[in-house]
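The values are calculated or read from the model by the stated rules, or taken from the named source; none is laboratory data. Here the structure is a predicted model, which means the values were calculated and not measured. Quick reminder, even Gly has a Cβ in these numbers, built from the backbone with ideal geometry, and neighbours come from all protein chains shown. Accessible surface areas use protein heavy atoms only, side chains included; no ligands, DNA or RNA. Shrake-Rupley method; radii C 1.70, N 1.55, O 1.52, S 1.80 Å.
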Amino acid sequence: MPKSETTGIPSDDQLEALFAEARAAAPDLPEGLAARMLADADAVQEGFAAAPLPQGPDTAPRPGWFARAFAGIGGWPALAGFATATVAGVWIGMSPPALVASEAAYYTSGGGTAEDLYLVDTMPAFDQLAQEG
Amino acid sequence: MAFDALSELEDDALLVLYANGDRDAARLLTARLAPRLLGHAQRLLGDRAEAEDVAQEAMLRLWRIAPDWRPGEAKVTTWLYRVTANLCTDRLRKARGGHRGLDEAAEPEDDRPGPVERMQQAARMDALQQALDSLPERQRQAVVLRHIEGLANPEIAEVMEISTEAVESLTARGKRALSAALAGRREELGYAEE
């Protein structure tokens, strides 16, 4: 084998031969160690069998009828809209604007006939606005 | 599945079978991987008994991770080399607290008298191990993975969690340091007569 005579440092070829020898001399697995590893494997594997199966989507708890109905109408944001409409309705009932009151009086007084229905002014405030300019 | 059919499967497929309750898969994985782990740990630690403990612990971690293993993402051997190296590093750090003499670390495993060739080979391997022991940990790991385990640089980079360039630098420096460490061991290496 070639070798550096001056430094005593092994050549690349010598090193490679040494590595190859080390590769070939890989240790055998002692029986006792193999048995311990397999005992570990069996013990861990038994743990897998004993572990509860993960719950799939089908077994997840379903929401009740109220939760579904609530979600169906839009949830909390929709409830806020309902509350606003309710308050506005109560307000108009308690203190109706003049236009609402006059129209309501016309229909509730019993003076109207079927023909009058064709004469319903759907924009009663428009005339007043036009007058005001 | 028959043992013969199993032996044709990749490591990660065997791991999935093991996770699904196949006992033969564990036997095959142990036979296939454990000797390499043992050899690797022994070269990093320079101690047979500790290397056996590390190899067992590394395999135990493999068994535990089996159900979560995603086939095709990482190589089982790469993962195992990394776990083994980390376990060895932990042990070496703990050992630095006490003192492990070089002679003790380099004790030949087998001192039975045998054929001359066998003794010469044992002496050469012993000299190599002592030279490896003298390297810094990361250099030793890189040299062993590259030149003895025969891994390619990108895989070593994955094992050591560094760049391929860093692997090249480590292996080059490690090899130079190893050569220097072996320089005074002509007789053990069998070069004396030349």
Q. How well do other chains shield peptide A:13-21, expressed as the mean number of their Cβ atoms within 10 Å of each residue Cβ?
A. 5
Q) Which value, in Å² and to the nearest 10, is the accessible area of residue B:119 when all protein chains are kept and the probe is 1.4 Å? A) 110
Q) Ordering B:75, B:94 by how much accessible area each has at a 1.4 Å probe, largest first, what is the list? A) B:94, B:75
Q) Which parts of the range B:19-45, residue by residue, lose 30 Å² or more of accessible area when the rest of the protein chains are there, as against the chain isolated (1.4 Å probe)? A) B:23, B:27, B:30, B:35, B:38, B:43
Q: Give the interface area between chains B and A as buried accessible surface, both sides summed, probe 1.4 Å, in Å² to the nearest 100.
A: 3400
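How do B:141-147, B:77-83 rank on mean C-beta neighbours within 10 Å, highest first?
Those peptides, ordered most packed to least, come out B:141-147, B:77-83.
How would you rank A:65-77, B:161-173, highest first, on the average number of other Cβ atoms within 10 Å across their residues?
In descending order of packing, they fall as B:161-173, A:65-77.
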